[in-house]
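**Q** The structure follows.
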Ligand code: HEA
Ligand code: HEA
Ligand code: CUA
Ligand SMILES: [Cu+2]
């Protein structure tokens, strides 16, 4: 069976999740055992009961006098409970120490900002020109801890990649730190988990963990600016896109430079559009540009109502943004 | 007429003449006048109960719509905005308008009866508390019915609740409504606390209080201290929204997390406040059907209080993911794990009571006994979230939704329904139908577990809460469908319950004074109780006045049909706080319109604030002032003019 | 044969005597919940202040005049009202009237000075969260002062109408208790907003 995308019970793929998983199972097992024991005690206790009755039966049953043996239930019960509780307490503190802070030697640091209802991701390099932004898809090299500085762009969101680590909120006016370290390559689903408005449901993202080489390639590619348009249609498409879409989006290498919406410079390199709402294919893209409100009702990108020709030009251009 | 300052109360038997005289003194005027002005705790308690049950049905129907929307992936029954208003209103209704008021209703009805008093300490405040609760419910729902209900969840995090992100009137209604409701809760709390300490029958020393009283008392001490936190939080939010202040706005030097602290400093004690009285009901009701006293009375009472004391110190477990320092996380995590102990006391005490007793299976017993299991299931899921690293995965998933429904439905709804089966005969003089009762129980029990047990797994497989829909292929489809089906089965159970109440109220089998052969004071008087409750004030010699002869634990016997008659006015007795020695005779207030008038004044005030008609608000404020002065005007018969009239034989110290 | 416990009290007071009555408990409850309210207000101040960079406090060196004399005035009024209550206890109506009357005046002056302070503050209500907290907290206190003044006026009127006696005076005792509370709370508010900046908080 394949694991559900947001599962964190059946497996883990990153250092922090690895440290949490056994504790999750441990507490779950204790919980189930406690429930089974109590259910059994209750069942047997009640089964000894007199037949089903009503008021008459109740009134007719003589009273049991108070006896000493009742109290020992409480003392024994508390004493037995103390053992798993104490164990949990100790394990919790130990595990917390493992997962809480980023390790002192971290590979890289990225900035992630939660927006209604998409994720802005910023990478930094040795010099300022090595900085670039992308959206809704975070690439990390495997085997190295990646520190994620979390910022709140508007309201509170929460950053969660269950296979790799637990949640950390992104809060306006405050910088929180999370860190991720993937054990093996893979595509891990993430999701906003703090209620943030109408489309809180559709505020997903993906973490793509790759070997260091592949990651470097990806990074190199992302640093490129958008290719210049080569055909008249593309030129027209670019002009229209920077004029219209540039109100909210930026495409590095063109005049489109607004940061209200996701950076589109390498849109076509992403697997999904609109925070995992749709797969990134031409049909979905066309549909999204024309009528995002139909696919993600309430999203802050308005329907564009382009004419057929405009849409074709825009699509043709946008599809060059690899 | 002026009262003499001192009197030796007459001791007498409960005779027909005495009862007739008391009836005349205590009776509420017939017709709408009496209806609007009554201060009888039984009437007020019943109103609380009925109103809260109606709101349970309303909140439940909202939940059913939610479940329809979530029954499968990518459904479009509701728009996202509608969905958000539905789940927020559902949470608000259940937590604030059902869960506490229902318990206040039962306690209001039962307290004077179990304490051996003729009313609560402040009957008019009691009436006021109900009227404001009603007004606040209508106020809070006024937004929802015009499509502007709360839309930020019941705990309403900022900055999403701020005007920048939430420009409609939704959050203004919620904020002001919560401040209004806070007034009701607070005055109710003050009334319960003073009643518990002063209004007990002689001999009901503090170690003889029924656990129900312990639970409600503890809950209300907490309310008195923490409700101001949430009222303030909402008031500051309203200021932010109306006047552009920046309490929660980082751009203005404010702090979004301030909201979360204020809210959860209130919120966590509150979630115990809405279960401790219900646990008290079980502690008092279960033993009756086990035919023996509760095991470990003192420990259970102590556990109740300890739960609350620890409960003041765990609020940060709702904020584990907000980036707080590890040290504070460990502290609150530890405290949340430790809080399991006092809860466990009650669980083992109930189990021991069942094991060492001779249980008789009635519907009430089934509800009480099954609650033990539901409590443990809900409790252990809380224990899991108490561990920080685990909570970082669990928080804000359906696992937490499962936790809250197990604790809320398991420890509030189940005991409350059980309590209704148990005390309905006292309240109405008629039994609820037992056969319907079995159907009621099994549909509720099966439906509930069918619906909510799988929800734990939904959460463990990663389904976030508060999502209006979810895509296919996430592994949640079947689980959600099962949950939706279970919810409807559960709802049918609730429907059977309501039907049973309605039918039995009209034609149930008559029940006598003590149909279950229960041990406590409320069962020593007729069903339904007369307006004055006790014809003579009883004197207690043990915790189980009606079982004394059979348990034979000590020599002393309570005195139930001989005692102070206190029939020279609308009087009852006040006793000392710990030992319940007779202290003073008090004159109880007559029925009064002041509470209703004050409520109307408040409603006008809040409505004016909401629509920003400051003049209307001002008028409401003046109305409140007038009603308050009318209310507090010193009573004629308590006044004296100097020189004091001295009675012969009056002690000189005066 | 088991013995019946039966409470057979001797002479019992009817209704409240002195300060011993339900109303006094009621006011104590009111005070408890209001004290908590002020606690949360001050918590909000300290919490926001502790998490903000320096400069958050818009008036890092609050002026001590007229705040200090005004504080002394308010505290002194607690003594006066106590003296008025003693008047009731001793059956000296004149003393009581004088006590309540002077307290009323002192409270009114306090309120007037406080309003003057509001007017001369160099910042407005919504300037930042510090100013909002300052005005909200002092306004909450002001609301309590006004409630206290209404109570004092009522006590004055009722005393003039000769409603009270040494024995029947719970209303007086409860009202006076409330006024003490208004004064004590001010000490905390004053310390927080006027003194802690000098001790280094938030600066
Ligand atoms: C209604 C009452 C109620 C009760 C009684 C509880 C009881 C407990 N709750 Fe719960 N809780 C809520 C209502 C309640 N809760 C609500 C409404 C929320 C969510 C709010 C929201 O987000 O909407 C919440 C959320 C909540 C969270 C935050 C989760 C999150 O958002 O991430 C946490 C975290 O620690 C928690 C913990 C606990 C604990 C440790 C207990 C303990 O008191 C439980 C103790 C009891 C037992 C454990 C069972 C009996 C014990 C034994 C039989 C002994 C043996 C047991 C063991 C060895 C484990 N609760
Ligand atoms: C006492 C508290 C209480 C109770 C009883 C319930 C009862 C139910 N709850 Fe609720 N729930 C909460 C408290 C409660 N809930 C809280 C606090 C939240 C969090 C909100 C938030 O996130 O902000 C929540 C959230 C919540 C969610 C999560 C929403 C989300 O995160 O997106 C869901 C989803 O399944 C749900 C379902 C249900 C269901 C199916 C019931 C069922 O038990 C309902 C059963 C139905 C009835 C009781 C009605 C039966 C009556 C009739 C059918 C008769 C109608 C007749 C007349 C009108 C006369 N609840
Ligand atoms: Cu962003 Cu939820
Ligand atoms: Cu909690």
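**Q** Select from region B:470-484 the residues that are under 33 Å from the mean Cα position of the chain (by Cα) and touching a residue at least 40 places away in the same chain (Cβ under 8 Å) and write down the one among them that is nearest to the other protein chains (Cβ to nearest Cβ). So that I can check it myself, show each step before the final result.
**A** Our first condition is that a residue be under 33 Å from the mean Cα position of the chain (by Cα); within region B:470-484, this holds for B:479-484.
If we keep only those that are touching a residue at least 40 places away in the same chain (Cβ under 8 Å) as well, we get B:480-481, B:483-484.
Numbers: B:480: 13, B:481: 16, B:483: 16, B:484: 17 Å.
Going through the qualifying residues, I end up with B:480.
**Q** Residue B:256 versus (1) under 25 Å from residue B:607 (Cα atoms); (2) within 16 Å of ligand 3 (Cβ to nearest atom): which is the lone unmet condition?
**A** Of everything listed in (1) under 25 Å from residue B:607 (Cα atoms); (2) within 16 Å of ligand 3 (Cβ to nearest atom), residue B:256 misses just condition (1).
**Q** For the structure I just gave you, tell me whether residue B:415 is modelled with pLDDT of 95 or more, closer than 24 Å to residue B:460 by Cα and surrounded by 21 or more Cβ atoms within 10 Å (Cβ to Cβ).
**A** Working: modelled with pLDDT of 95 or more: yes; closer than 24 Å to residue B:460 by Cα: no; surrounded by 21 or more Cβ atoms within 10 Å (Cβ to Cβ): yes.
Against the criterion (modelled with pLDDT of 95 or more, closer than 24 Å to residue B:460 by Cα and surrounded by 21 or more Cβ atoms within 10 Å (Cβ to Cβ)), residue B:415 does not qualify.
**Q** Which residues, taken from region B:313-341, are touching a residue at least 40 places away in the same chain (Cβ under 8 Å) and either more than 8 Å from ligand 1 (Cβ to nearest atom) or farther than 19 Å from residue A:30 by Cβ (or both)?
**A** Within region B:313-341, B:314, B:315, B:316, B:318, B:319, B:320, B:321, B:322, B:329, B:330 qualify.
**Q** A follow-up question, please. Looking at region B:374-397, can you tell me whether even one residue there is at pLDDT below 95, facing chain A (nearest Cβ under 7 Å), touching a strand residue (DSSP E or B) at 6+ places or on another chain (Cβ under 8 Å) and more than 15 Å from ligand 4 (Cβ to nearest atom)? Quick ask: steps written out before the conclusion?
**A** Of all residues in region B:374-397, those at pLDDT below 95 come to none.
Taking every residue of region B:374-397 in turn, none turns out to be at pLDDT below 95, facing chain A (nearest Cβ under 7 Å), touching a strand residue (DSSP E or B) at 6+ places or on another chain (Cβ under 8 Å) and more than 15 Å from ligand 4 (Cβ to nearest atom).
**Q** If residue A:196 passes every condition in (1) in contact with a strand residue (DSSP E or B) (Cβ under 6 Å, 6 or more places away or on another chain); (2) under 19 Å from residue A:118 (Cα atoms); (3) loosely packed, with under 15 Cβ neighbours inside 10 Å but one, which one does it miss?
**A** (3)
**Q** Give region B:349-361 a look and list any residue that's touching a helix residue (DSSP H, G or I) at 6+ places or on another chain (Cβ under 6 Å) and either within 16 Å of ligand 2 (Cβ to nearest atom) or touching a residue at least 24 places away in the same chain (Cβ under 8 Å) (or both), or say none.
**A** Kept after step one, since they are touching a helix residue (DSSP H, G or I) at 6+ places or on another chain (Cβ under 6 Å), are these residues of region B:349-361: B:349-357, B:359-360.
Those that are touching a helix residue (DSSP H, G or I) at 6+ places or on another chain (Cβ under 6 Å) and either within 16 Å of ligand 2 (Cβ to nearest atom) or touching a residue at least 24 places away in the same chain (Cβ under 8 Å) (or both): B:349, B:350, B:352, B:353, B:354, B:356, B:357, B:359, B:360.
**Q** Any residue at all in region B:167-185 that is under 30 Å from residue A:171 (Cα atoms), touching a residue at least 40 places away in the same chain (Cβ under 8 Å) and assigned to a loop (DSSP other than H, G, I, E, B)? First the steps, then the outcome.
**A** Just the residues of region B:167-185 that are under 30 Å from residue A:171 (Cα atoms), to begin with: B:167-182.
Still in the running and touching a residue at least 40 places away in the same chain (Cβ under 8 Å): B:169-182.
Among the residues that remain, those that are also assigned to a loop (DSSP other than H, G, I, E, B) are: B:169.
Yes: one or more hits.
**Q** Let me ask something else about it. Against the conditions (1) within 14 Å of chain B (Cβ to nearest Cβ); (2) surrounded by 20 or more Cβ atoms within 10 Å (Cβ to Cβ); (3) away from ligand 3 (no atom under 15 Å from the Cβ), where does residue A:161 fall short? Just the number, please.
**A** Only one criterion is unmet by residue A:161, namely (3).
**Q** Also, I was wondering about something else. Could you please give the count of residues in region C:1-55 that are touching a helix residue (DSSP H, G or I) at 6+ places or on another chain (Cβ under 6 Å), more than 7 Å from chain B (Cβ to nearest Cβ) and in a helix (DSSP H, G or I)?
**A** Number of matching residues: 7.
**Q** Here's another thing I want to ask about it. For residues that are under 13 Å from the mean Cα position of the chain (by Cα) and in a loop (DSSP other than H, G, I, E, B), scanning just region A:117-166, find the one that is nearest to ligand 1 (Cβ to nearest atom).
**A** Filtering region A:117-166 for residues that are under 13 Å from the mean Cα position of the chain (by Cα) and in a loop (DSSP other than H, G, I, E, B), the one nearest to ligand 1 (Cβ to nearest atom) comes out as A:162.
**Q** For residue C:134, state whether it is more than 14 Å from chain B (Cβ to nearest Cβ), crowded, with 20+ Cβ neighbours inside 10 Å and under 22 Å from residue C:35 (Cα atoms).
**A** Numbers: more than 14 Å from chain B (Cβ to nearest Cβ): no; crowded, with 20+ Cβ neighbours inside 10 Å: yes; under 22 Å from residue C:35 (Cα atoms): yes.
Taking the combined requirement at face value, the residue does not satisfy it.
**Q** Being within 11 Å of chain A (Cβ to nearest Cβ) and over 30 Å from residue B:351 (Cβ atoms) is the filter here; which residues of region B:259-289 pass it?
**A** Answer for region B:259-289, where residues must be within 11 Å of chain A (Cβ to nearest Cβ) and over 30 Å from residue B:351 (Cβ atoms): B:259, B:260.
**Q** Report whether or not residue B:585 is modelled with pLDDT under 95 and closer than 30 Å to residue B:543 by Cβ.
**A** On the way: modelled with pLDDT under 95: yes; closer than 30 Å to residue B:543 by Cβ: yes.
Answer is yes for this residue.
**Q** Another question about this same structure. Of all residues in region A:54-106, which are at pLDDT below 85, surrounded by fewer than 17 Cβ atoms within 10 Å (Cβ to Cβ) and within 30 Å of residue A:139 (Cβ to Cβ)?
**A** Matches in region A:54-106: A:101, A:103, A:104, A:105, A:106.
**Q** Of the residues that make up region A:192-202, is at least one out of contact with any helix residue (DSSP H, G or I) (no Cβ under 9 Å at 6 or more places or on another chain) and at pLDDT 95 or above?
**A** First, the residues of region A:192-202 that are out of contact with any helix residue (DSSP H, G or I) (no Cβ under 9 Å at 6 or more places or on another chain): A:196.
From the residues that got through so far, the ones that are at pLDDT 95 or above too are A:196.
Scanning region A:192-202 turns up at least one residue that is out of contact with any helix residue (DSSP H, G or I) (no Cβ under 9 Å at 6 or more places or on another chain) and at pLDDT 95 or above.
Per-residue answers, yes or no, for (1) in contact (Cβ under 8 Å) with a residue 40 or more places away in the chain; (2) at the interface with chain C (Cβ under 8 Å from one of its Cβ atoms):
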site	(1), (2)
B:535	yes, no
B:538	yes, no
B:548	no, yes
B:557	no, yes
B:565	yes, no
B:569	yes, no
B:575	yes, no
B:579	yes, no
B:582	yes, yes
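**Q** So which residues in region A:176-193 are at the interface with chain B (Cβ under 8 Å from one of its Cβ atoms) and either closer than 25 Å to residue A:105 by Cβ or without any contact (Cβ under 8 Å) to a residue 24 or more places away in the chain (or both)?
**A** Those that are at the interface with chain B (Cβ under 8 Å from one of its Cβ atoms) and either closer than 25 Å to residue A:105 by Cβ or without any contact (Cβ under 8 Å) to a residue 24 or more places away in the chain (or both): A:176, A:177.
Let's see how each residue does on (1) in contact with a strand residue (DSSP E or B) (Cβ under 6 Å, 6 or more places away or on another chain); (2) more than 30 Å from residue B:435 (Cβ to Cβ); (3) part of a strand (DSSP E or B); (4) more than 16 Å from ligand 4 (Cβ to nearest atom):
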| residue | (1), (2), (3), (4) |
| --- | --- |
| A:3 | no, yes, no, yes |
| A:17 | yes, yes, no, yes |
| A:30 | no, yes, no, yes |
| A:40 | no, no, no, yes |
| A:56 | no, no, no, yes |
| A:72 | no, yes, no, yes |
| A:76 | no, yes, no, yes |
| A:92 | no, yes, no, yes |
| A:110 | yes, yes, yes, yes |
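Table: residues versus (1) surrounded by fewer than 15 Cβ atoms within 10 Å (Cβ to Cβ); (2) over 25 Å from residue C:13 (Cβ atoms); (3) touching a strand residue (DSSP E or B) at 6+ places or on another chain (Cβ under 9 Å).
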{"site": "C:141", "(1), (2), (3)": "no, yes, no"}
{"site": "C:155", "(1), (2), (3)": "no, no, no"}
{"site": "C:172", "(1), (2), (3)": "no, no, no"}
{"site": "C:177", "(1), (2), (3)": "no, no, no"}
{"site": "C:180", "(1), (2), (3)": "no, no, no"}
{"site": "C:187", "(1), (2), (3)": "yes, yes, no"}
{"site": "C:190", "(1), (2), (3)": "no, yes, no"}
{"site": "C:196", "(1), (2), (3)": "no, yes, no"}
{"site": "C:200", "(1), (2), (3)": "yes, yes, no"}
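**Q** Can you confirm whether region A:75-92 contains a residue that is more than 26 Å from residue A:30 (Cβ to Cβ) and touching a helix residue (DSSP H, G or I) at 6+ places or on another chain (Cβ under 7 Å)? It would help to see each step written out before you state the result.
**A** Going through region A:75-92, the residues more than 26 Å from residue A:30 (Cβ to Cβ) turn out to be none.
No - not one qualifying residue is present in region A:75-92.
The values are calculated or read from the model by the stated rules, or taken from the named source; none is laboratory data. Every value quoted in this text rests on a predicted model; they were computed, and no experiment measured them. Cβ sites come from the backbone with ideal geometry, for glycine too, and all protein chains shown count toward neighbours.
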